[in-house]
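The values are calculated or read from the model by the stated rules, or taken from the named source; none is laboratory data. Note that the coordinates shown come from a computational prediction; the quantities given were computed from them, not determined experimentally. Cβ placement follows ideal geometry from the backbone for every residue including glycine, while neighbour counts extend to all protein chains displayed. Please note that ligands, DNA and RNA were not included when accessible areas were found on the heavy atoms of the full protein model with its side chains. Shrake-Rupley method; radii C 1.70, N 1.55, O 1.52, S 1.80 Å.
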Amino acid sequence: MTSPVAALLWTVGALFAIALGAIPLRTGRGTPVVYGATALVSVLALGIAAAALLSVGAAPSAIVLPLGLPWLGAHFRLDALSAALLVLVNLGGAAAALYGIGYGRHESAPGRVLPFFPAFLAGMNLVVLADDAFTFLGSWEVMSLASWALVMADHRNAESRRAATIYLIMAVFGTMMLLLGFGLLAGAAGSYAFGAMRAASRAPWLATPVLLLALIGTGSKAGLVPLHVWLPLAHPAAPSHVSALMSGVMTKVAIYGFIRIVFDLLGTPPWWSGVLVLAIGGLTAVIGILSALMETDLKRALASSTIENVGIVFIGLGLALAFGANGLGAAAALAFTAALFHMLNHTLFKSLLFMGAGAVLTATGTRDMDRLGGLIHRLPATSALFLVGAAAISALPPLNGFASEWLAFQAVLLSPDLPQWALRLEVPAIGGTLALAAALAGAAFVRIFGIVFLGRPRSAEAAEAREVDRFMQAAMGILAALCLLAGIFPGLVVDVLQPAARLVTGAALPNQAGIAWLSLVPVSPSRSSYNGLLVLVFAAISAGLAAWFIHRFASHAVRRAIAWGCGFAGPTPATQYTAESFAQPLRRVFGSLVFRARETVVMPQPGDPAPARFEVRLIDPAWAAIYTPLTRAVGFAADRLNPLQYLTIRRYLAVVFVLLVLLLLAVAIWR
């Protein structure tokens with residue numbers, strides 16, 4: 001009988017075969033074939049991974065293939081953690097492929113997307129299955145290069161080229177950091193297999209550089225601040241179903257890399273590692289959602305909110321590190337489960353939202369929110385499904401986003417059990433940061449949904465939009481249904497995730513399936529409980545009674561009248577709120593502090609027919625503090641080192657000799 005890991009490798013091989021087969025099918029006619037085949041393989045891989053995850057107590061499945069380094073081979077392993085991540089990867093991949101059957105018909109150059117889409121999925125599957133550093137990094141590069149090619153699909157667009165260039169630089173930088181981290185984990189023996197790294201004994205001081213390198217290497221792919229600058233550029237530049245994969249899935253693969261290195265291979269990190277991860281997670285959550293509030297491009301706003309959700313996940317991981325280092329296994333399991341649950345939820349609702357943005361782009365041809373509006377009448381199905389995703393990401397019950405963030409707050413409330421005062425002071429502050437991010441997320445998605453779908457159309461394209469096809473609607477409908485189900489039955493989802501939590505933290509939450517009314521009780525009924533089903537029933541009954549009361553006692557006549565024009569005799573779409581005006585109060589509160597916001601009003605002189613202009617200038621603090629000075633420094637160094645390429649052979653040999661001597665001295669001192 002074929003082992004689960006071998007079966008999953010066969011599905012990866014099938015994805016690579018589809019990628020090769022897509023090369024001669026690079027026309028519109030090949031679109032349903034490639035995406036349909038990718039969807040079927042992803043569903044098969046999803047089933048295998050889900051079966052492995054549900055096989056509680058099953059031993060990890062491993063295999064070694066004669067590939068890669070001759071003395072090492074390619075190690076692959078399937079355990080509870082990798083099975084949970086493979087469920088996320090292939091669930092998101094199957095939904096994106098189904099969506100692509102319809103969306104791909106509208107692509108101007110399908111040949112630049114079709115071969116790389118299944119290869120991207122294959123690379124992400126391999127990263128999760130890899131069980132040695134060489135295979136992990138090779139798979140990581142496949143994932144990075146395939147996604148880079150997808151970002152470059154619209155290569156004639158200067159914005160896409162710039163986004164792809166920055167993304168590639170950050171990807172190479174992140175891979176280099178991971179390579180150094182694995183080198184430290186391998187040690188002098190140089191054993192790159194993960195099993196040997198787990199068993200190795202290493203100096204305590206190595207925990208610090210490995211943790212920092214893992215944070216930088218995986219954080220540059222996940223979108224941690226200040227390594228996030230590529231994400232709002234690259235995710236919107238890709239086709240919308242690829243954006244859904246990059247934002248909803250690839251960022252989770254990067255977080256998996258952090259979990260695998262820090263929680264598994266490194267052992268038990270010191271307690272202060274929780275302080276660092278918590279601080280970075282809180283900063284990432286707030287800056288990410290503030291960036292989303294300032295954006296007027298629909299896809300860039302969604303990409304920025306991904307940064308916020310990555311920050312929420314790292315808050316959970318930071319809590320798990322802090323609790324685990326102090327021997328609080330149950331609390332660590334709660335925090336880690338919250339993080340893993342939010343990873344699943346973000347895969348669902350962010351994929352749904354990017355697909356909704358793709359539907360809007362397909363129907364109107366624009367991502368500029370100030371050119372949209374009134375789409376709830378033209379795209380009723382897309383509007384309803386997008387609303388589900390917006391409510392879920394805003395953490396509104398009974399949807400899934402509320403359940404995972406509620407679990408994170410329950411973990412925060414256990415912070416008095418921590419012995420270190422630094423953590424006792426920091427964790428409540430991070431809890432306040434998490435609450436602030438949740439409130440700002442609600443404001444951000446009220447703004448997005450209101451400007452894009454409500455009101456009156458602000459352009460002819462929005463006024464003439466037509467609903468998208470059934471494939472795109474079906475993919476969004478499946479994800480919306482899963483958002484609702486995961487919110488109504490969070491206890492069942494938590495039970496499914498417990499094998500992964502037990503593997504990582506050594507503990508697990510109490511079994512939730514046997515609790516009355518399918519309630520979620522993470523600690524004890526006396527401390528907290530939540531029941532998504534009762535919330536749904538209460539909301540449905542309340543809404544039904546309100547509708548009945550209005551129809552029973554109000555006028556039965558339907559009255560139609562023009563909307564109030566705010567004092568204007570002839571109301572036009574220009575009198576409505578715009579995306580910038582909606583965000584103005586929050587921009588004036590936070591923008592000056594975080595983004596150095598500058599508002600400029602240009603008023604023409606009396607008699608000048610030129611229109612007045614209002615401009616807002618925002619500066620990402622990471623660009624201002626890190627990347628702009630770094631770019632200047634690199635340019636300065638390149639100018640100074642440029643004469644080296646004109647040296648004679650004798651001078652080249654002299655330079656090489658000096659560098660070799662310095663390297664040997666460094667090795668001698670190190671020993």
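Being surrounded by 14 or more Cβ atoms within 10 Å (Cβ to Cβ) and basic (K, R) is the filter here, so list the residues in segment 1-53 that pass it.
R26
Among the residues of segment 323-338, is there at least one that is open to solvent by less than 10 Å² (accessible area, probe 1.4 Å), under 21 Å from G442 (Cα atoms) and not hydrophobic (A, V, I, L, M, F, W, C)?
There is no residue in segment 323-338 that is open to solvent by less than 10 Å² (accessible area, probe 1.4 Å), under 21 Å from G442 (Cα atoms) and not hydrophobic (A, V, I, L, M, F, W, C).
Looking at segment 1-26, I want the residues that are touching a residue at least 60 places away in the same chain (Cβ under 8 Å) and have a partner that is of a type in the set (K, R) and part of a helix (DSSP H, G or I) with Cβ atoms under 9 Å, at least 6 apart or on another chain. Which pairs are those?
R26/R112
With the condition kept exactly as written, say whether any residue in segment 137-155 is open to solvent by less than 10 Å² (accessible area, probe 1.4 Å), assigned to a helix (DSSP H, G or I) and either free of Cβ contacts under 8 Å to residues at least 12 places away in the same chain or in contact with a strand residue (DSSP E or B) (Cβ under 9 Å, 6 or more places away or on another chain) (or both).
yes
Within segment 619-633, which residues are open to solvent by less than 90 Å² (accessible area, probe 1.4 Å) and either of a type in the set (D, E, K, R) or over 30 Å from A583 (Cβ atoms) (or both)?
Answer for segment 619-633, where residues must be open to solvent by less than 90 Å² (accessible area, probe 1.4 Å) and either of a type in the set (D, E, K, R) or over 30 Å from A583 (Cβ atoms) (or both): D620, A633.
If S61 satisfies every condition in (1) modelled with pLDDT of 90 or more; (2) open to solvent by less than 50 Å² (accessible area, probe 1.4 Å) but one, which is the exception?
So the condition that S61 fails would be (1).
Please identify the pairs in which a residue from segment 162-182 that is of a type outside the set (A, V, I, L, M) has its Cβ atom under 8 Å from the Cβ atom of a residue that is outside any helix (DSSP H, G or I), counting only partners at least 6 apart or on another chain.
Y167/W230; G174/L227; F182/Y192
Hey, can you tell me all the residues within segment 412-427 that are over 13 Å from G324 (Cβ atoms) and of a type in the set (A, V, I, L, M, F, W, C)?
Within segment 412-427, V412, L413, W421, A422, L425, V427 meet the criteria.
Name the residue that is farthest from G181 (Cα to Cα), counting only residues in segment 211-230 that are β-branched (V, I, T) and surrounded by fewer than 22 Cβ atoms within 10 Å (Cβ to Cβ).
Here the residue is V229.
Given the conditions (1) open to solvent by 10 Å² or more (accessible area, probe 1.4 Å); (2) closer than 23 Å to F453 by Cα; (3) of a type in the set (A, V, I, L, M), which single one is not true for M355?
Result: M355 passes all but (1).
Do any residues in segment 256-272 that are in contact (Cβ under 8 Å) with a residue 12 or more places away in the chain and farther than 17 Å from G187 by Cα have Cβ atoms under 8 Å from those of residues that are hydroxyl-bearing (S, T, Y) and crowded, with 21+ Cβ neighbours inside 10 Å, where the two are at least six apart or on different chains, and which pairs are they?
So the pair list comes out as Y256/S82; G257/T218; F258/T218; F263/T505.
Pick from V286, V310, V277: which is over 23 Å from I448 (Cα atoms) and among the hydrophobic types (A, V, I, L, M, F, W, C)?
Answer to the selection: V277.
Mind listing whichever residues of segment 511-520 are surrounded by fewer than 22 Cβ atoms within 10 Å (Cβ to Cβ) and either touching a residue at least 12 places away in the same chain (Cβ under 8 Å) or polar (S, T, N, Q) (or both)?
N511, Q512, A513, I515, W517, L518, S519
Which pairs have Cβ atoms under 7 Å, sit 6 or more apart or on different chains, and link a residue in segment 37-51 that is closer than 18 Å to G104 by Cα to one that is open to solvent by 30 Å² or more (accessible area, probe 1.4 Å) and hydrophobic (A, V, I, L, M, F, W, C)?
A39/L98
Quick one: which helices (runs of 4 or more DSSP H) lie wholly within segment 1-118 and hold at least 3 residues that are at negative phi and under 21 Å from the mean Cα position of the chain (by Cα)?
Filter on segment 1-118 gives 31-54, 80-103.
What about V616, is it assigned to a helix (DSSP H, G or I) and open to solvent by less than 90 Å² (accessible area, probe 1.4 Å)?
no
Residues are listed down the side, and each one gets a yes or a no for (1) in contact (Cβ under 8 Å) with a residue 40 or more places away in the chain; (2) small (G, A, S); (3) in contact with a Leu (Cβ under 8 Å, 6 or more places away or on another chain):
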site	(1), (2), (3)
A583	yes, yes, yes
F590	yes, no, yes
L593	no, no, no
V601	no, no, no
P611	no, no, no
R617	no, no, no
A625	yes, yes, no
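With respect to A465, determine if the residue is crowded, with 22+ Cβ neighbours inside 10 Å and within 19 Å of the chain's Cα centre (by Cα).
Here the answer is no, as A465 does not meet what is asked.
In this structure, does G432 turn out to be free of Cβ contacts under 8 Å to residues at least 24 places away in the same chain and in a helix (DSSP H, G or I)?
Yes, satisfied.
From the list L407, L436, L413, L387, exactly one residue is touching a Phe, Trp or Tyr at 6+ places or on another chain (Cβ under 8 Å) and farther than 20 Å from K299 by Cβ. Which is it?
From the options L407, L436, L413, L387, the qualifying one is L407.
Tell me which residues, restricted to segment 577-613, are part of a helix (DSSP H, G or I), within 24 Å of R371 (Cα to Cα) and modelled with pLDDT of 80 or more.
A579, E580, S581, F582, A583, Q584, P585, L586, R587, R588
Of the residues in segment 482-492, how many are within 13 Å of A513 (Cα to Cα), assigned to a helix (DSSP H, G or I) and open to solvent by 30 Å² or more (accessible area, probe 1.4 Å)?
1
I'd like to check which helices (runs of 4 or more DSSP H) are fully inside segment 237-310 and have at least 2 residues that are modelled with pLDDT under 95, more than 13 Å from the chain's Cα centre (by Cα) and more than 30 Å from A475 (Cβ to Cβ).
Helices (runs of 4 or more DSSP H) meeting the threshold: 272-294.
Within segment 156-204, which residues are over 30 Å from H235 (Cα atoms) and assigned to a helix (DSSP H, G or I)?
The answer is G183, L184, L185, A186, F194, G195, A196, M197, R198, A199, P204.
For A384, state whether it is surrounded by fewer than 17 Cβ atoms within 10 Å (Cβ to Cβ) and either at pLDDT 95 or above or outside any helix (DSSP H, G or I) (or both).
yes
Test of understanding: among F354, F323, which residue is in a helix (DSSP H, G or I) and more than 26 Å from F595 (Cα to Cα)?
Matching residue, one of F354, F323: F323.
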